[in-house]
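Engineer: Sharing a structure, written as structure tokens. Questions coming.
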Amino acid sequence: MTSIEKTPIHTALILRYENIRAQSLAICQPLQEVDYLAQPVVFVSPPKWHLGHTTWFFENFILQVFATGYQPFNPSLHYCFNSYYESQGPRILRSKRGNLIRPSLEEVLAYRKHVDQHLTAWLCESVLDGEVLQLLEVGLQHEQQHQELLVTDIKYSYGHNPLYPVYCERKPEQPPAPASLRFLDMAEGIYNIGYQGTGFCWDNELSAHKVYLHDYAIANRTVTNGEYLEFIENGGYSHFEYWLEEGWAWVKQQELKAPMYWFRENDTWFHYTLSGIRPLDLNLPLTHINYYEADAYARFREMRLPTEQEWEAACLYYQPEASTSSNLLESGLWHPTSVHTGDFQFLGNVWEWTGSAYLPYPSYPRFKGALGEYNGKFMVNQMVLRGGSCATPREHIRPTYRNFFHADEGWQFTGIRLAQ
């Protein structure tokens, strides 16, 4: 480690690191201690695990590799907080993360403080080369991804508790009526797809390439709760004709009649929000829909979902500026609020299912080393989503960002945009 004068670059990086790390704690601030260990299903991770895992990332990939003389806070935590990195050794099963009654919450918070102190001190004393800067950037982007997961995991745990706890008290607001649904024409031709900027992007957004698209039209906004309610009232969950075979099997197995967080009492529909149970607002963008439901709704409307290439080309054509969602702390709303008031809205309301399988782009430049496990090994049996949601950190929202989930997963703020 070389002693150097602290530069504005170091100062800005440390400030950004501290702000992002503080954001994770701020999201957890409303929780009671028992909430930190909740894991109602396999795909939901406890908040305590999120706090530990994001800390492990900085300790394991940066401090233990580059900070001479660094002593791990507690070596046994490596097993607890490694996620899926086969190259980094054994780890607790994902389904067992809720069993981590130890380490205690106090120890996890002390772990975060220990790593933060050592990492910021190391940053002040180090020459930062390209490899280190990339690892730091990935670590920060990674923590912000977990902030989005924190929000949606907390909502799942609360929303499936029979007492429906309130995470964030706020007064109900009446959103404006959605813009009239219309379709934006896109001409046949060759389009550039993939990230071409100079800032950070994930390896799965590279490399930029050209695609040929036929004439198509894409909706100016996503589907609303009221529009999806028409699907339900017309027997959407009871007519197999709308569903893919796997989707229909899922509907029958789950005995579903409505999306996640919706329920009906007498003749009134309600849904769970992180502000508690509310009457279903018909004007809000539809959320928490899985791919099977999105595809079935599109068939009901005698339309389809756009491919991810169609979505990106239309987004760049009609909304070339990278408009963003509200910052989590600034909004405090935890549901879509930038509702469809303009002519078109592609970014920052809900993650939008596309009809595209999650696969590598041509000449995909997978990250080297352990970070190569970050995206590439998940490119099978998943579908791509685009656009970002109200829970997505705003600097992550860009036209080329590729999110991906299995077809039966809808606990994120996921919605539907139609194409034809």
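None of the figures in this text is laboratory data; all of them are computed from the coordinates on show. Fair warning: this is a prediction, and the values are worked out from it, not measured in the lab. As a convention, Cβ positions derive from the backbone with ideal geometry for all residues, glycine included, and neighbour counts pool all protein chains shown.
Engineer: Give the residue from His271, His214, Pro46 lying farthest towards the positive end of the charge dipole for the chain; charges sit on Cβ (+1 for Lys and Arg, -1 for Asp and Glu) and the dipole is referred to the Cα centre.
Structural biologist: The residue sitting most towards the positive pole is Pro46.
Engineer: Which residues' amide hydrogens lie under 5 Å from the amide hydrogen of Ala407, considering only partners 5 or more residues apart or on another chain, with H built in the peptide plane?
Structural biologist: HN-HN under 5 Å from Ala407: Met383.
Engineer: In what sequence, highest mean first, do 280-287, 162-169, 201-208 appear when ranked by Cβ atoms within 10 angstrom?
Structural biologist: Working: 280-287: 21.5, 162-169: 12.4, 201-208: 19.0.
Output ranking for 280-287, 162-169, 201-208: 280-287, 201-208, 162-169.
Engineer: A follow-up question, please. Put +1 on the Cβ of every Lys and Arg and -1 on every Asp and Glu Cβ in the chain; which of His406, Leu256, Leu150 then has its Cα farthest towards the positive end of the dipole?
Structural biologist: The Cα lying farthest towards the positive end belongs to Leu150.
Engineer: Also: Can you give the FRET efficiency to the nearest 0.05 for Ala26 and Phe240, using r as the Cβ-Cβ distance and R₀ = 51 Å?
Structural biologist: On the way: r = 46 Å, r/R0 = 0.90.
The value I calculate is 0.65.
Engineer: Pull out a ≥ b ≥ c, the square roots of the eigenvalues of the alpha-carbon gyration tensor of segment 128-188, then state rounded if a/c is under 1.5, prolate if not and a/b is larger than b/c, and oblate in the remaining case. Write out the running numbers ahead of the final one.
Structural biologist: On the way: a/c = 2.88, a/b = 1.18, b/c = 2.44.
It comes out oblate by the Cα gyration axes.
Engineer: Which semi-axis lengths, in whole Å and largest first, follow from the square roots of five times the eigenvalues of the Cα gyration tensor of segment 176-299? If you can, show how the numbers build up before the last one.
Structural biologist: Values: eigenvalues 214, 71, 58 Å².
They are 33, 19, 17 Å, listed from largest to smallest.
Engineer: Just need the relative contact order of the chain here, percent rounded to a whole number, with Cα pairs under 8 Å and 6+ apart.
Structural biologist: Values: 711 pairs, mean separation 75.8, N = 420.
Computed value for the chain: 18 percent relative contact order.
Engineer: Excluding Trp49 itself, calculate the net charge of residues whose Cβ lies under 14 Å from the Cβ of Trp49, where each Lys or Arg counts +1 and each Asp or Glu counts -1.
Structural biologist: Working: positive: Lys48, Arg91, Arg94, Lys96, Arg97, Arg102, Arg112; negative: Asp35, Glu107, Glu143, Asp153.
Around Trp49, the charge tally is +3.
Engineer: Can you figure out the FRET efficiency of His160 with Glu86, using R₀ = 30 Å and their beta-carbon distance, to the nearest 0.05?
Structural biologist: Efficiency at R0 = 30 Å is approximately 0.45.
Engineer: Right, here's the next one. Among residues other than Phe231 whose Cβ falls under 14 Å from its Cβ, what is the net charge (Lys/Arg +1, Asp/Glu -1)? Can you show the working numbers first?
Structural biologist: Numbers: positive: Lys257, Arg299, Arg301; negative: Glu227, Glu230, Glu233, Glu241, Glu293, Asp295, Glu302.
Once positives and negatives cancel, what remains is -4.
Engineer: If you don't mind, another one. HN-Hα J couplings of segment 233-249 from phi, Karplus 6.51/-1.76/1.60, θ = phi - 60°, integer Hz, Gly and Pro as x?
Structural biologist: Karplus values, whole Hz, x for Gly and Pro: 5, 9, x, x, 8, 10, 10, 5, 4, 7, 10, 5, 4, 5, x, 5, 4.
Engineer: A further question follows. So how much slack lies between Thr120 and Arg170, counting 0.36 nm per residue of separation and subtracting their Cα-Cα distance, in nm?
Structural biologist: Working: separation 50, 0.36 × 50 = 18.00 nm, distance 3.60 nm.
Roughly 14.4 nm would be gained on extension.
Engineer: Place a +1 charge on the Cβ of each Lys and Arg in the chain and a -1 charge on the Cβ of each Asp and Glu, then give the dipole magnitude about the Cα centre in debye, rounded to the nearest 20. Walk me through the intermediate numbers first.
Structural biologist: Numbers: 32 positive and 47 negative charges, 130 e Å.
With Lys and Arg at +1 and Asp and Glu at -1, about 620 debye.
Engineer: Then there is this: Using a simple spin-label model with points 7 Å from Cα along the Cα→Cβ vector, what separation in nm is obtained for Tyr79 and Lys257?
Structural biologist: A separation of 4.8 nm, rounded to one decimal place.
Engineer: Given +1 on the Cβ of Lys and Arg, -1 on the Cβ of Asp and Glu, and no further charges, what dipole in debye does segment 1-102 carry about its Cα centre, rounded to the nearest 20?
Structural biologist: It works out to roughly 220 debye.
Engineer: With a ≥ b ≥ c the root eigenvalues of the C-alpha gyration tensor of segment 72-132, is it rounded (a/c under 1.5), prolate (a/b larger than b/c) or oblate? All intermediate terms of the calculation are to be shown ahead of the outcome.
Structural biologist: Numbers: a/c = 3.36, a/b = 1.54, b/c = 2.18.
Taking the square roots of the gyration eigenvalues as a ≥ b ≥ c, segment 72-132 is oblate.
Engineer: Can you tell me the 0 to 90 degree angle between the C-alpha axis of helix 130-159 and the longest principal axis of the chain, rounded to 10?
Structural biologist: Rounded to the nearest ten degrees, it is 50.
Engineer: What does the charge count around Pro365 come to, taking other residues whose C-beta lies under 12 Å from its C-beta (Lys +1, Arg +1, Asp -1, Glu -1)?
Structural biologist: Numbers: positive: Arg366, Lys368; negative: Asp203, Glu205.
The answer is 0.
Engineer: Shifting gears a bit: Which whole-Hz ³J(HN,Hα) couplings does segment 193-210 yield from phi under the Karplus relation 6.51 cos²θ - 1.76 cosθ + 1.60, θ = phi - 60°, glycine and proline marked x?
Structural biologist: Karplus values, whole Hz, x for Gly and Pro: 10, x, 6, 10, x, 10, x, 6, 8, 7, 4, 6, 8, 10, 9, 4, 8, 9.
Engineer: Residue by residue through segment 71-79, what is 3J(HN,Hα) from phi via Karplus (6.51 cos²θ - 1.76 cosθ + 1.60, θ = phi - 60°)? Round to whole Hz and write x for glycine and proline.
Structural biologist: 10, x, 4, 7, x, 5, 6, 4, 5
Engineer: Sticking with this one: Taking amide H atoms as placed 1.01 Å from N in the peptide plane, list the residues 5 or more away in sequence, or in a different chain, whose amide H sits under 5 Å from that of Leu184.
Structural biologist: Under 5 Å from the amide H of Leu184: Ile218, Ala219, Asn220.
Engineer: Moving to a separate point now. What's the ranking of 71-78, 85-92, 304-311 by average number of surrounding C-beta atoms within 10 Å, highest first?
Structural biologist: Numbers: 71-78: 14.6, 85-92: 13.1, 304-311: 22.4.
Result, highest mean Cβ count within 10 Å first: 304-311, 71-78, 85-92.
Engineer: Right, here's the next one. How would you classify segment 83-222 from its alpha-carbon gyration tensor, with a ≥ b ≥ c the square roots of the eigenvalues: rounded for a/c under 1.5, else prolate if a/b is greater than b/c, otherwise oblate? Mind showing how you got there, number by number?
Structural biologist: Numbers: a/c = 2.21, a/b = 1.27, b/c = 1.74.
Here segment 83-222 falls in the oblate category.
Engineer: Follow-up question, since we're still on this one. Can you work out the FRET efficiency for the pair Lys113 and Glu188, with r the C-beta to C-beta distance and R0 = 56 Å, to the nearest 0.05? Write down the numbers at each step before the final one.
Structural biologist: Working: r = 57 Å, r/R0 = 1.02.
Step by step, r from the Cβ atoms, then E = 0.45.
Engineer: Still on this model: What 222 nm value per residue comes from the helices of the chain, counting each DSSP H run with n ≥ 4 as -39,500 (n - 2.57) and dividing by all residues, nearest 500 deg cm²/dmol?
Structural biologist: Values: 10 runs with 132 residues, N = 420.
About -10000 deg cm²/dmol.
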